[in-house]
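Throughout, read-outs are computed from the coordinates displayed, never taken from laboratory work. Only a predicted model underlies this, so the values are computations on that prediction, with no experimental measurement involved. Note that each Cβ is placed from the backbone with ideal geometry, even for glycine, and that neighbours are counted across all protein chains shown.
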Amino acid sequence: MKDAVQIVNEALNQGITLFVADNRLQYETSQDRIPPELLSEWKNHKQALIDFLSHIDSEADTYQLQDIQRYDSAEHYPLSFAQQRLWFIDQINEGSPQYNCKGDFRLREKLNLNAFTETIKMLLERHESLRTCFKIIDNEPRQVVMTDYDLPITEYDLSNLSEIAKKQHVKKFGKEEESQIFNLRADLMLRVRLIKLAENDYVILYTIHHIACDSWSMAIFLN
C-alpha cells in the first residue's frame, strides 16, 4: 500500500504538484487532464496527504523561507517553494531514490568522447541547477552553486562481451541508477553513464534529481 510520500512523488513525476490550501487538498499542473487512477488514489488517501503536506508546510514555515531575487555576488540562495518540499521530504526519509529522474538513449554512430565530455561540462556550466547542492547555513537550507567539481561521467566498455551479457549489464546499470541515492548536501544533481556496446554503438544513461529538474528541463537536457 502506498504512503503519502510515494503518492506525492508519483504526482511530481507526472508534472503535478500537490499542496494544501485552507485545509483542502489542491493540485497545480500544466496538463490538460489528470489520470483518473491518480484522482482516485488522492481521494482514497486524502486525509493522509493533507496531514503530510501540512506537516511539510509547517516545517517550512519554521525556517521562514521565501523566494527572493538572486544576486550574482551571493554565495548561497534560498530554495524555491517546490525545492523546499522536496528537500524536507528527503530529510524525513534520510535520503531516497524515489526522486531520481532517469532516462536513457542510444547512439548508433561514431562518438567523439572529448566532444561528449565537453557537452556535459557545458551543460553543467550553463544550467547551474545541475551543479547546485543544498546545505544548512544559519539553521536553514540554502542552495550553493558548486564551482569546483568532477564531471559526473562513468564510462564502461562492454564491446568484448556477448550480446546477452551486454543486455544484462545495461539492465544492471539501469537498476543501480534507480536505487542510487543523491546526497543533496554534496553531490551534483546529475549522473551520466556512457556505455560502449560496439565501435559505433553506445547507450547513455542519465539521472537527475527531481529537485533540479522538471519535464521542461529534462527535455532541454535530452536535446
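Residue-level analysis places ILE137 outside the set of residues that are surrounded by 12 or more Cβ atoms within 10 Å (Cβ to Cβ), more than 17 Å from TYR206 (Cβ to Cβ) and in contact with a helix residue (DSSP H, G or I) (Cβ under 8 Å, 6 or more places away or on another chain).
Taking the criterion of being among the charged types (D, E, K, R), more than 30 Å from THR29 (Cβ to Cβ) and in a helix (DSSP H, G or I), would at least one residue in the range 143-159 satisfy it?
First pass over the range 143-159, keeping only residues among the charged types (D, E, K, R): 148, 150, 155, 157.
After this cut, where a residue has to be more than 30 Å from THR29 (Cβ to Cβ) as well, the list is 148, 150, 155, 157.
Now drop any that are not in a helix (DSSP H, G or I), which leaves none.
There is no residue in the range 143-159 that is among the charged types (D, E, K, R), more than 30 Å from THR29 (Cβ to Cβ) and in a helix (DSSP H, G or I).
Evaluate the following for PHE88: is it touching a residue at least 40 places away in the same chain (Cβ under 8 Å), of a type in the set (A, V, I, L, M, F, W, C) and either out of contact with any Cys (no Cβ under 9 Å at 6 or more places or on another chain) or outside any loop (DSSP other than H, G, I, E, B) (or both)? Judged against the criteria, PHE88 is not a match. Of all residues in the range 142-168, those that are closer than 13 Å to TYR202 by Cβ and in contact (Cβ under 8 Å) with a residue 24 or more places away in the chain have Cβ atoms under 8 Å from Cβ atoms of residues that are surrounded by 13 or more Cβ atoms within 10 Å (Cβ to Cβ) and among the hydroxyl-bearing types (Ser, Thr, Tyr), 6 or more apart or on another chain, in ILE153/THR117.
Conditions tested, residue by residue: (1) closer than 19 Å to GLY95 by Cα; (2) crowded, with 17+ Cβ neighbours inside 10 Å.
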site: LEU113; (1), (2): no, no
site: SER129; (1), (2): yes, yes
site: VAL145; (1), (2): no, no
site: ASP148; (1), (2): no, no
site: LEU161; (1), (2): no, no
site: ALA165; (1), (2): no, no
site: GLU176; (1), (2): yes, no
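Can you pull out the residues in the range 28-45 that are assigned to a loop (DSSP other than H, G, I, E, B) and charged (D, E, K, R)? Lay out the reasoning, then the answer.
So in the range 28-45, the residues assigned to a loop (DSSP other than H, G, I, E, B) come out as 30-35, 45.
Selection gives ASP32, ARG33.
I want to confirm something. Restricting to the range 160-186 and keeping residues that are in a loop (DSSP other than H, G, I, E, B) and closer than 26 Å to LYS121 by Cβ, which single residue is nearest to the chain's Cα centre (by Cα)? Selected residue: PHE182.
Evaluated against (1) part of a strand (DSSP E or B); (2) in contact (Cβ under 8 Å) with a residue 40 or more places away in the chain, ARG191 falls short on exactly one condition, (2).
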